[in-house]
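Q: Quick one: the structure is below, and I'll ask about it shortly.
The values are calculated or read from the model by the stated rules, or taken from the named source; none is laboratory data. Nothing here was measured: the structure is a model prediction, and the numbers come from that model. Here the Cβ positions follow ideal geometry from the backbone for every residue, glycine too, while neighbour counts run over all protein chains shown.
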Amino acid sequence: MKTDSNHQNGKLTGIEMLEYYEKGPWPSHVNEMKKTAYPLEVYASGLETRASPWFGGSAKVRYVYVGFIARRSKDGKNTELHFRVFQPSGQIYRTETLRKLLDFSDKYGLGLLQVMGQTGGLIISIDPEKADEAVDALRSLGTDIGDTGDTFRDFASCIGPALCEYSLFNTLEARDYYLSYPPIYEKISNQLFPFKVKLKFSGCPMDCSRAVHRADFGFIGTWEGAPEVDQALLKDKDKSGQISMEDLARNCPSSSINVSVSGDLSIDPEKCEKSMNCIKRAFPAIKPGKTRKIAFMAGGNIKGRFGPKMAKPVALLDDYKQAEVFITSVIDRWEENYPHKDRIGDMLAKEGFSRVVEALKETLPVAPNGKPSGQTRIIDSAVLSDEERDLYATWSRKIMDEYRGA
């Protein structure tokens, strides 16, 4: 972007930045926003300062305690009341559903939707005078006002078997199951907890829902043993230049791949850490093993009272339903004993992860493996430095060794 030399420090104003974003061959979000009543001057001020132009606000919606976000502009001239909306699993919307939500937004808001993101969809800026009526209208569409505050947040799943060949269990079905699981469903719209609770479902170790970093309870598809290798197909890919078996071996994070003199590739099942580095590059010549499992994790969060935490492995499950009683037992323990703003990961750090799991192990049909290490403390930031990434990597390798009994 070129700057105008007439402006101080060569910087564009926010309004000029909006004009810039209307140019070019691509569809312009600014043009679309101009079709609504959204306060563009506030948006422009945020672009100019490179900071949010909003402060937190307050609102009251009859009989509803979660699912809406109130805020006011820093200049005090504008206010907003957004409704969060529960998304379909995998964020797969039917066009009929989108049309209904757009009609809803036209009637009660500004005609703007946010339909992506792991915190639910968002109806932008509901008319406060119509907020009570809007809640009932939203429910009549087959969805509900979503999640904010000290409650269950919208559960997130990767696209799973709908589109992804790597999916090792049905993440969409699992999310739907836990959203309707009675002990969870009855609390889903109430402010009952010390802090928020997130459940995330990833179909494979690539963890596209970011369960290991951001979920109080995470489900990640995995397998036992080494990946399957189709030697003939792999050699064809190597010969045609699609992949290099030597590179696969060289770049394996756990150094578990070897290429024999005869040209066969082998993977040591004891050393394989399920990074899927080789699978991503050579699929379907290399595929996940046939003995499918679900790694059940607990205690992950980016923002907590004591800094970010990676989730800790609790057990390898055969079915996602096997964790339901354990989850509610952990939540009951946390809800009864911990202060405001303590996440479940904070409870596990304070009491000791192995102690909590041991106390509740009867609620898991699968015996926990190993005694994973305590949490490495890292600064409260989602953007990690190289040093912090090394700390996380070292710690994750250590808990994996302990988990496997190494």
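Q: Can you spot a residue in segment 84-97 that is of a type in the set (A, V, I, L, M, F, W, C), out of contact with any strand residue (DSSP E or B) (no Cβ under 7 Å at 6 or more places or on another chain) and not in a loop (DSSP other than H, G, I, E, B)?
A: Keep residues of segment 84-97 that are of a type in the set (A, V, I, L, M, F, W, C), which gives 85-86, 92.
With out of contact with any strand residue (DSSP E or B) (no Cβ under 7 Å at 6 or more places or on another chain) added as a condition, the list becomes 86, 92.
Filter again for not in a loop (DSSP other than H, G, I, E, B), leaving none.
No, segment 84-97 contains no residue that is of a type in the set (A, V, I, L, M, F, W, C), out of contact with any strand residue (DSSP E or B) (no Cβ under 7 Å at 6 or more places or on another chain) and not in a loop (DSSP other than H, G, I, E, B).
Q: From Ala298, Ala323, grab the single residue that is touching a Gly at 6+ places or on another chain (Cβ under 9 Å), modelled with pLDDT of 85 or more and of a type in the set (A, V, I, L, M, F, W, C).
A: Details: Ala323 fails: touching a Gly at 6+ places or on another chain (Cβ under 9 Å).
Result of the check over Ala298, Ala323: Ala298.
Q: While we're here: Would you please list the contacts, defined by Cβ atoms under 8 Å and residues six or more apart or on different chains, that run from a residue in segment 358-373 that is farther than 19 Å from Glu324 by Cβ and in the same structural domain as Lys398 (by TED's automatic domain parsing) to a residue that is among the charged types (D, E, K, R) and modelled with pLDDT of 70 or more?
A: Here the result reads Pro372/Lys312; Ser373/Lys398, each pair linking segment 358-373 to a residue that is among the charged types (D, E, K, R) and modelled with pLDDT of 70 or more.
Q: Among the residues of segment 28-50, is there at least one that is part of a strand (DSSP E or B), under 28 Å from the mean Cα position of the chain (by Cα), surrounded by 16 or more Cβ atoms within 10 Å (Cβ to Cβ) and in contact (Cβ under 8 Å) with a residue 60 or more places away in the chain? Walk me through how you get there before you give the answer.
A: First, the residues of segment 28-50 that are part of a strand (DSSP E or B): none.
Checked against the condition, which is being part of a strand (DSSP E or B), under 28 Å from the mean Cα position of the chain (by Cα), surrounded by 16 or more Cβ atoms within 10 Å (Cβ to Cβ) and in contact (Cβ under 8 Å) with a residue 60 or more places away in the chain, segment 28-50 yields no hits at all.
Q: Looking at segment 159-169, can you tell me whether even one residue there is more than 30 Å from Ser260 (Cα to Cα), surrounded by fewer than 23 Cβ atoms within 10 Å (Cβ to Cβ) and under 14 Å from the mean Cα position of the chain (by Cα)?
A: Yes, the conditions are met somewhere in segment 159-169.
Q: Please tell me if Phe195 is modelled with pLDDT of 95 or more and either part of a strand (DSSP E or B) or not basic (Lys, Arg) (or both).
A: The answer is no for Phe195.
Q: Within segment 85-105, can you find the residues that are among the basic types (Lys, Arg) and exposed (fewer than 15 other Cβ atoms within 10 Å of the Cβ)? Give the derivation first.
A: Residues of segment 85-105 that are among the basic types (Lys, Arg), as a first pass: 94, 99-100.
Those that are among the basic types (Lys, Arg) and exposed (fewer than 15 other Cβ atoms within 10 Å of the Cβ): Arg94, Arg99.
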